[in-house]
Amino acid sequence: MKKISAFALIILMGLFLAACGCTDSDTTKVDVNSTQPETQNNSPSITVPEKTNSPNTETESENHTQTDSAPKKILVAYFSHTGNTRVIANQIHEKVGGDIFEIVTVNPYPTDYDSVVDQAKQEQEDNYRPQLKTKVENIDSYNVVFIGYPNWWGTMPMPVFSFLEEYDFSGKTIIPFCTHEGSGLGRSVEDITELCPQSTILDGLAIRGSSVKTAQDDVSEWLREIGMTE
Ligand SMILES: Cc1cc2nc3c(=O)[nH]c(=O)nc-3n(C[C@H](O)[C@H](O)[C@H](O)COP(=O)(O)O)c2cc1C
């Protein structure tokens, strides 16, 4: 009787274990092969090469990031006597954002054309630096500075010389734009380069004073060309 019971017990246990064994191995195959291995195989191939390359790649890609996609902190600074350059400054500001700043002299220029022409000529001959009334609060917070002016006697008005000497533009990108009646940027870019030797100076824009109100497309195209908009 005992032998029969023991035999029956062994048979029952065998059946039970066989049943459990089948179910377990099926489950293992489904779980491990269908999901986990894919994830595990993929993650090392994604992670490891990145980590292996990280000392070089990170340095390179960080530099790229800093150069190409570092946030641009933009100042659009301009001087304008009769308002033409202000129109262009506002158009640029609308398209690139940032802050806008008007360079204003302590002593205003005469409104009479002949008087301002004479005064401007004299100031240029004297290499004079007019005193500025308006101040940029924190020039260090900008890395891109647009600088706008009318062409006066072939270059920037002297207040713009004052402005460029008053602040340190080292390491910043300077982008000139001017309005004129035939001379374009004249020799202003050479003068900016001389005043700001440690700055990167991008290609400037020159717009005729009489065309400022219809200059939107020219401004947009130029901003795209110099990489300031997409
Ligand atoms: C004092 C003075 C000098 C100027 N010299 C030149 C010049 O050499 N070449 C030129 O093309 N336009 C010259 N212009 C014309 C201005 O550059 C042009 O009218 C400009 O659009 C004025 O800009 P604003 O309205 O922002 O002051 C001169 C104007 C003034 C008042």
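Of everything in segment 87-119, what is in a helix (DSSP H, G or I), more than 12 Å from the ligand (Cβ to nearest atom) and open to solvent by 20 Å² or more (accessible area, probe 1.4 Å)? Give them in sequence order. It would help to see each step written out before you state the result.
Filtering segment 87-119 down to residues in a helix (DSSP H, G or I) leaves 87-96, 113-119.
Next, from what is left, pick out any that are more than 12 Å from the ligand (Cβ to nearest atom): 91-96.
Of everything in segment 87-119, those that are in a helix (DSSP H, G or I), more than 12 Å from the ligand (Cβ to nearest atom) and open to solvent by 20 Å² or more (accessible area, probe 1.4 Å) turn out to be H93, E94, K95, V96.
Taking the criterion of being assigned to a loop (DSSP other than H, G, I, E, B), modelled with pLDDT of 95 or more, over 26 Å from the mean Cα position of the chain (by Cα) and more than 27 Å from D218 (Cβ to Cβ), would at least one residue in segment 72-86 satisfy it? There is no residue in segment 72-86 that is assigned to a loop (DSSP other than H, G, I, E, B), modelled with pLDDT of 95 or more, over 26 Å from the mean Cα position of the chain (by Cα) and more than 27 Å from D218 (Cβ to Cβ). For residues in segment 165-192 being open to solvent by less than 70 Å² (accessible area, probe 1.4 Å) and assigned to a helix (DSSP H, G or I), which is nearest to W153 (Cα to Cα)? Per the stated criteria, the residue is S188. Exactly one residue out of L223, L205, L164 is more than 20 Å from V116 (Cα to Cα) and within 16 Å of the ligand (Cβ to nearest atom): that is L205. Among the residues making up segment 176-190, those that are within 13 Å of the ligand (Cβ to nearest atom) and of a type in the set (D, E, K, R) are E181, R187.
Condition test on Q131, is it in contact (Cβ under 8 Å) with a residue 24 or more places away in the chain and surrounded by fewer than 21 Cβ atoms within 10 Å (Cβ to Cβ)? Talk me through it step by step, then tell me what you get.
Working: in contact (Cβ under 8 Å) with a residue 24 or more places away in the chain: yes; surrounded by fewer than 21 Cβ atoms within 10 Å (Cβ to Cβ): yes.
Answer is yes for this residue.
Regarding segment 78-86, can at least one residue be identified that is within 10 Å of the ligand (Cβ to nearest atom) and exposed (fewer than 13 other Cβ atoms within 10 Å of the Cβ)? Yes, that holds for at least one residue. Remark: pairs (first residue in segment 167-178, closer than 10 Å to D140 by Cβ; second residue surrounded by fewer than 23 Cβ atoms within 10 Å (Cβ to Cβ) and small (G, A, S); Cβ separation under 7 Å; 6+ apart in sequence or on different chains) = K172/S199.
The values are calculated or read from the model by the stated rules, or taken from the named source; none is laboratory data. None of these values were measured; they are calculated from a predicted model. As a convention, Cβ positions derive from the backbone with ideal geometry for all residues, glycine included, and neighbour counts pool all protein chains shown. Just so you know, the surface numbers come from the protein's heavy atoms only, side chains and all, with ligands and any DNA or RNA stripped out. Shrake-Rupley method; radii C 1.70, N 1.55, O 1.52, S 1.80 Å.
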